């Protein structure tokens, strides 16, 4: 094996758009030969997949939050390599993270839909969970690979890739060590302990709301206007990595939902009620109005933004089909130009073959596992394949822009479409609900996998690993994660259940699955659905696209709760300040690099301590100390004060960076 001396430092053009004719050269250049797939990297990748699949499934079903597995896995990969003093472990750590990262995305796909089968008292087994997760995961991998070059290479610097940036900084910093490693460790501890103090110890509130302000409660109760901001260091860190532009678009979308549409719906209700009537919305909180009405507008906007994205990507999709056709029917070139190592994907003939086998597998799974006719299975199969393929680019776009994949919204849209189709072909009742939820599970897992995998491939592109090797091993990680998730969900249902009964007095919360279960029954009985809200969101997305505002980012803001979006704005504002803090380009670059490292550390630390918190909850250990200042007023103002200190720490620390010579 060739051992070359490399500089473990990202090129200057790693995070910006390339100029005409300019190329990005990764840390490990195409002619650099290094070990990627080794017994070490495969073993630890599979160990991480098992551990984090179990932890993420538990936390997702218990508290409704899936652990961000990719970031803590990258931290652990670096730590284990350092502990065993492995040299040149950068490429191996990418593989460990890529295999292990299958856990979080498979879990996110499974827990949104599969527990709904238990909740509705429908027949479900381990094999239902395993095969829906496995086949959905395979579908997501195979549908994303043809778009890899577009997202990670052609769109280089045009998307912020916040999660991939954090992972990238962690892996590179861990490899080179030194002062940068110390900055990452300190910031990870600061961010992790900070989030742990409010999430597990409950020393202060997690969300600041305008209800604690003078007249704030009255404003929320009467006018349905409320402002909310989460105090998480992780979300603040994402905001910095996203940048001000996308942070503003997302936050404005959220404010449209919460500060305009929610109070507007309440006012319309008051006007419609008349002098002696009753305002139907008066007794509802702003949160309930958002959940039951406004969020549907966001779902419609996400769906239309996805259609717009598909239309804009039609050239890329067409190229993927042409590449597929060439792989099957095209003539072989006598002397083909070999792709550089860092741009080699799995051969298109293999992708097509495995895609067909996966589709056949889904067909057999639906036909053998459920009481469906051949016609119903074919319709179900077409629904899965078409929606999963078209929404793959939407999922990848969402991760590339904001680091958050709206799989629950897209899965909800899948359930709606599938239910409408099934009702029209005579598939209703319990059989229809089972089929719709299983299809939703397969699609949800496919989209979750596509979003997570594009992160892995972007990290590999920056560092210079071989895409073909990442792609091949992703199937192995998916297999292990699907088996683990199947066991965990089956065991948790046996131990706790997902609904409160005499036998299960303290069930797992499973909020997303309960929501899916709540809507699937009226859907399958052809009850009224809020179609005009979906259509209104779709029209809004079209108008946004017409005036040049990215509709997906705006729609994500409309769909997600306000408190998850406002911290992004703070992080984006800090990024803008630091990038405008001096006319000295080298100094600004040094400050931005340090801030990127600090905020990446926040994300990593919060994710790791989130795992610790989940383990503590699983062990039924009560570590809650309680609020330092009791009462909502004290908890929330203290949270705001501590969050301000976190922002000041980030800004001041970054401004102390010194310029380095190019």
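Tell me, in nm to one decimal, what length is gained between residue 270 and residue 656 on full extension, where the rule is 0.36 nm per residue of separation less the Cα-Cα distance? Provide the component values of the computation, followed by the final result.
Details: separation 386, 0.36 × 386 = 138.96 nm, distance 5.47 nm.
Taking 0.36 nm per residue and subtracting the Cα distance, the gain is 133.5 nm.
Taking the Cα atoms of the chain, the ratio Rg/Rh between the radius of gyration and the Kirkwood radius comes to 0.96.
Summed over qualifying helices (DSSP H, 4 residues or more, each -39500 (n - 2.57)) and divided by its residue number, the chain shows a 222 nm mean residue ellipticity of -22500 deg cm²/dmol.
If you sort the three axes of the alpha carbon gyration tensor as a ≥ b ≥ c, you get a/c of 1.5 or more for segment 526-662 and a/b no higher than b/c, which makes it oblate. Under the simplified labelling scheme, the residue 338-residue 628 pair shows an inter-label distance of 6.1 nm, with each label point 7 Å from Cα along Cα→Cβ.
Using only the Cα atoms of segment 114-234, build the gyration tensor, take square roots of its eigenvalues as a ≥ b ≥ c, and label the shape rounded, prolate or oblate: rounded if a/c is under 1.5, else prolate if a/b is larger than b/c, else oblate. Oblate.
What order, most packed first, do the peptides 216-227, 557-568 have when packing is the mean number of other Cβ atoms within 10 Å of each residue? Mind showing how you got there, number by number?
Working: 216-227: 17.1, 557-568: 24.8.
Result, highest mean Cβ count within 10 Å first: 557-568, 216-227.
Between segment 469-488 and segment 181-260, the alpha-carbon centres lie 34 Å apart. Please state the shape class of segment 333-401: rounded when a/c is under 1.5, otherwise prolate if a/b exceeds b/c and oblate if not, all from the C-alpha gyration tensor. Oblate is the answer for segment 333-401, as a/c is 1.5 or above yet b/c matches or exceeds a/b. Exposure proxy shown here: for 459, 652, the number of other Cβ atoms within 10 Å sets the order, fewest to most, as 652, 459. Residues within the reach of a label modelled at residue 420 (point 7 angstrom out along Cα to beta-carbon, backbone nitrogen below 17 Å), restricted to segment 527-559, are 527-542. The modelled label-to-label distance between residue 283 and residue 182, using points 7 Å beyond Cα along the C-beta direction, is 6.2 nm.
Roughly speaking, what is the stretch gain from residue 371 to residue 349, that is 0.36 nm per residue apart minus the C-alpha to C-alpha distance, in nm to one decimal?
Details: separation 22, 0.36 × 22 = 7.92 nm, distance 3.38 nm.
Fully extending the segment from residue 371 to residue 349 adds 4.5 nm.
Remark: the residue 494-residue 213 segment gains 96.6 nm on full extension, using 0.36 nm per residue and subtracting the alpha carbon distance.
No value in this document is a laboratory result; all are computed from the given coordinates. Keep in mind that what you see is a predicted model, and the values were worked out from it rather than measured. Here Cβ is always computed from backbone atoms with ideal geometry, including for glycine, and neighbour counts include all displayed protein chains.
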